[in-house]
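The values are calculated or read from the model by the stated rules, or taken from the named source; none is laboratory data. These numbers come from a predicted model, not from an experiment. Don't worry about glycine lacking a Cβ; one is built from the backbone with ideal geometry, like all the others, and counts go over all protein chains shown. For the accessible areas, the whole protein counts, side chains as well, though only heavy atoms, and no ligand, DNA or RNA atoms are used. Shrake-Rupley method; radii C 1.70, N 1.55, O 1.52, S 1.80 Å.
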Amino acid sequence: MSKRYELGLNELDSLVKELPNSGIIALRGNLASGKTTLSKAIINNQNMVTSPTFSIMQEYDGIYHYDIYQGGFEAIKQNGLYENLYEDGLHIIEWADDKLLEFASKNGLNICIIDIEICDNKRVYKVSYA
């Protein structure tokens, strides 16, 4: 099942309300497509959240925010962070790759995939579950 949303960056509430509050949310899209903006909306603290590019993972009150741009799922494995994916809470992963999706599927982890595309002044969010 897949659902499509066409929203401006300030219109994310309708999407966020429909997302799971536990498991993995895998964000995919080109550079500057709005992955961190969506992460901020999900975490619901605009001032505190930054893209964790240099630290791979930040934790905000039971919400784990990962950015694997530099190394993909291999970076999560090399840093021992894949074990965190079994922790209760929500795991938002920017730059999710196929290896992450395969790992989640093989290990019975709930995963919501959001593909983001820029279309004029809006973003198209395609939400599916694996």
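Numbers for the structure displayed
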quantity: Chain lengthening between K77 and M1 when straightened (0.36 nm per residue, less Cα-Cα); calculated: 24.5 nm
quantity: Surface per residue (accessible, 1.4 Å probe) for the chain, Å²; calculated: 56
quantity: Spin-label proximity, K122 to the stretch 5-34 - amide N less than 16 Å from point 7 Å beyond Cα toward beta carbon; calculated: 5-16
quantity: HN-Hα J in Hz across the stretch 97-105 - Karplus 6.51, -1.76, 1.60, θ = phi - 60°, x for Gly and Pro; calculated: 10, 4, 5, 5, 4, 5, 4, 4, 5
quantity: Rounded percent of accessible protein surface that carbon and sulfur make up, the chain, 1.4 Å probe; calculated: 44
quantity: Straight-distance crosslink candidates among lysines, where the alpha carbon sits under 16 Å from K106 and sequence neighbours closer than 8 are dropped; calculated: K77
quantity: Kirkwood-based shape ratio for the stretch 75-130, expressed as Rg/Rh from alpha carbons; calculated: 1.03
quantity: Selection from V16, G72, I93, by position along the positive dipole direction of the chain (Cβ); calculated: V16
quantity: The chain: antiparallel DSSP beta bridges as a percent of all, rounded to 5; calculated: 55
quantity: Cα pair count fraction exceeding 18 Å, expressed as % - the chain; calculated: 49
